[in-house]
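Participant: Just dropping this structure here.
The values are calculated or read from the model by the stated rules, or taken from the named source; none is laboratory data. All figures in this text were calculated on a predicted structure; none of them were measured in a lab. So basically every Cβ, Gly included, is an ideal-geometry build from the backbone, and we count neighbours across all protein chains shown.
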């Protein structure tokens with residue numbers, strides 16, 4: 001059973017700004033991950049993020065689309081079975097992680 005997917009309003013804007021073919025790939029990756037967004041250590045697809053000097057992202061996860069250079073950052077709410085998309089952006093010098101750090105507060 002797939003987890004429910006919700007998007008922060010800013011993440012919806014991120015998605016709408018993508019080129020059509022990349023948007024399709026991103027949506028496909030999110031759907032695949034929603035089947036089991038838990039961390040890899042628990043048998044899921046989630047790649048855990050951590051805390052660094054400038055960003056505090058522990059508890060969040062990422063989806064990597066290598067060819068497109070896109071990262072999707074999300075959080076899970078286990079009790080609700082919810083996967084919340086926080087940011088969808090190009091990896092570009094960790095910009096996506098800085099954006100996720102700011103948006104995770106919402």
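Participant: Testing residue 96 on (1) modelled with pLDDT under 90; (2) buried (at least 16 other Cβ atoms within 10 Å of the Cβ); (3) touching a helix residue (DSSP H, G or I) at 6+ places or on another chain (Cβ under 8 Å), one condition comes back false. Which one is that?
Facilitator: (3)
Participant: While we're on this one: Here are 10, 2, 29: which of them is surrounded by 11 or more Cβ atoms within 10 Å (Cβ to Cβ), within 23 Å of residue 80 (Cα to Cα), at pLDDT 90 or above and in contact with a helix residue (DSSP H, G or I) (Cβ under 7 Å, 6 or more places away or on another chain)?
Facilitator: Working: 2 fails: at pLDDT 90 or above; 29 fails: in contact with a helix residue (DSSP H, G or I) (Cβ under 7 Å, 6 or more places away or on another chain).
That would be 10, the only listed residue that is surrounded by 11 or more Cβ atoms within 10 Å (Cβ to Cβ), within 23 Å of residue 80 (Cα to Cα), at pLDDT 90 or above and in contact with a helix residue (DSSP H, G or I) (Cβ under 7 Å, 6 or more places away or on another chain).
Participant: On the basis of being exposed (fewer than 14 other Cβ atoms within 10 Å of the Cβ) and farther than 21 Å from residue 40 by Cα, does residue 58 make the cut?
Facilitator: Here the answer is no, as residue 58 does not meet what is asked.
Participant: Name the single residue that is nearest to residue 99 (Cα to Cα) among those in region 13-26 being touching a helix residue (DSSP H, G or I) at 6+ places or on another chain (Cβ under 9 Å) and surrounded by 15 or more Cβ atoms within 10 Å (Cβ to Cβ).
Facilitator: That would be 14.
Participant: Could we say that residue 87 is within 19 Å of residue 2 (Cβ to Cβ) and at pLDDT 95 or above here?
Facilitator: In short, no.
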